[in-house]
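Worksheet: the structure to be examined is printed underneath.
The values are calculated or read from the model by the stated rules, or taken from the named source; none is laboratory data. All values derive from a computational prediction rather than experimental measurement. Positions of Cβ are backbone-derived with ideal geometry, glycine not excepted, and every protein chain shown enters the neighbour counts.
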Amino acid sequence: MTSPSPAPDISRAEAAEGSPSAPAGGWPNPRRGFLFFIGFSAIGAGIGQLAPAVLTLPLKAAEIDPKGQATVLSIAIGVGSLLALVAYPLFGRLSDRTTWRLGRRRPFLILGAILVALGAVLEFTANSTLTLTLAATVILLGAAAAVVSNTAIIPDQIEPLRRGPASALVGVSLPVGAVIGLFVAQLIPTSLAWEIFAPAVLSIIGILLFAIVLKDRAITKEERPPFGVVAFFSTFWTNPVKNPNFAWAWFSRLLIFFGVAAVQAYQVFYLIVRLHFSPQSVGGAVFLTTLVLTVFALVFAPIAARISDRIGRRKPFVVVAAVIFAIGLAVASTANSFPAFLVAMGIIGVGQGVYFAVDLALVSQVLPDPDNPAKDMGIFGLASSLPSSIVPAVAPAILLIGASAANPQNYPALFIAGAIAGIVGALLILPIRKVR
């Protein structure tokens, strides 16, 4: 790759094509304090979502049904993720139309914090598949409300070719949130109450703090986008024929996040079944894997974001990141020791760092309605949450591929499937126009 240099004017024009005209007075382009708070909020959402998904929901599933723990977890996360699919664009549509005097994004940050708190209580008290499913649903709805708000704030506040750093922060918030949440949880691994509530409190603080300091412009009733029967149903989809660039980006992310979901939801079982960790020690192991992934993501994300902004290009970074991520999954599928699994997670971290650095910046430049971005950002969010429903649905069948009495669940096959999906996802980014 050539050394970064300032992008010529034509690159900037091309990169901004499809973006809205600047709001009155121009984009606010908040200073660096803004990056801290949006990063803290996004990390809070990541903590609230991933600490349960990676650690405590599997542990509760094992407690409820030790023999059928994978099935219990698949039902809980699958149903919760399915309902979150509806929530992402619905929250976005409602946010775009909110005329609260304190802004249109702030109410959904507050809602996210409330749902995370309620979900933690429900998770702790869950004693059946039904109650655990309810807990997972509330947790994922809370994360959806916060994520939709954070992603919509980027095009609200920042001009197109300055969105790289904010995109990187929001992007890496998932692994960072996971590692912080897991670190806090494993401090007292014998207390399930601590493992559930301590990360939830951090999540709530991060989300609410941003809600307090955010300078969120209020819109008037006259500025609200029109809404009727057709608009309601269009909340849940965007016409791919009329908006092909957005569609290609959406399907690319869907396939890439198939691999993300495979690793997130099933690494606990992989470590227990294949690498022989005990349920008591697996929390520490998952913390280490997530730490390695996050460190590599944090190193490469800001580098990729800055270079991408400087040269005015997004697509090459997404393609390279997806390929690296697929390689990491392939290495994980052959890992027969914990150090080898850590190497795989490091490779995955590099791919995630580069991908998250530019992914949101890219899609923010091909939004169908850039003046009201939350709905379409919510639909784009489906591409990352839908795999959480798809993977649990197809995982039992994939796990049976090549299974035997000695190896009844073939976790490497699941990781290889994720790697293949990632490669295909990388190829789908190539037809996108308007973004280089």
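Details
- Meets criteria (modelled with pLDDT under 85, under 30 Å from F197 (Cβ atoms) and either out of contact with any Gly (no Cβ under 9 Å at 6 or more places or on another chain) or in a helix (DSSP H, G or I) (or both)) for A51: no
- Residues that are surrounded by fewer than 18 Cβ atoms within 10 Å (Cβ to Cβ) and either closer than 15 Å to A51 by Cβ or of a type in the set (G, A, S) (or both), drawn from the range 249-287: S278, S281, G284
- Test: residue in the range 218-241 that is modelled with pLDDT of 85 or more, among the basic types (K, R) and closer than 19 Å to A152 by Cβ: no
- Test: residue in the range 111-127 that is surrounded by fewer than 24 Cβ atoms within 10 Å (Cβ to Cβ), modelled with pLDDT under 90 and of a type in the set (A, V, I, L, M, F, W, C): no
- Filtered residue count, the range 74-88, keeping only those that are in contact with a Ser or Thr (Cβ under 8 Å, 6 or more places away or on another chain) and surrounded by fewer than 24 Cβ atoms within 10 Å (Cβ to Cβ): 6
Results for (1) modelled with pLDDT under 95; (2) surrounded by 24 or more Cβ atoms within 10 Å (Cβ to Cβ); (3) under 17 Å from the mean Cα position of the chain (by Cα); (4) farther than 22 Å from V292 by Cβ, shown as yes or no for each residue.
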| residue | (1), (2), (3), (4) |
| --- | --- |
| A152 | yes, yes, yes, yes |
| P155 | yes, yes, no, yes |
| P165 | yes, no, yes, yes |
| A168 | yes, yes, yes, no |
| A178 | yes, yes, yes, no |
| L182 | yes, yes, yes, no |
| S191 | yes, no, no, yes |
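- The requirement of being exposed (fewer than 15 other Cβ atoms within 10 Å of the Cβ), in contact with a Gly (Cβ under 8 Å, 6 or more places away or on another chain) and farther than 23 Å from M345 by Cβ is fulfilled somewhere in the range 218-225, by at least one residue.
- Reported count of residues in the range 106-133, each being farther than 26 Å from P370 by Cα and either within 17 Å of the chain's Cα centre (by Cα) or in contact (Cβ under 8 Å) with a residue 24 or more places away in the chain (or both), is 16.
- First in the range 400-426 and on the phi > 0 side of the Ramachandran plot and at pLDDT 80 or above, second anywhere and among the hydrophobic types (A, V, I, L, M, F, W, C) and assigned to a loop (DSSP other than H, G, I, E, B), Cβ under 8 Å, 6 or more apart: none
- Residue match in the range 203-222 (condition: farther than 20 Å from S384 by Cβ, under 18 Å from the mean Cα position of the chain (by Cα) and touching a residue at least 40 places away in the same chain (Cβ under 8 Å)): yes
- Qualifying residue in the range 89-105 (condition: in contact (Cβ under 8 Å) with a residue 60 or more places away in the chain, buried (at least 18 other Cβ atoms within 10 Å of the Cβ), over 19 Å from I219 (Cα atoms) and not charged (D, E, K, R)): yes
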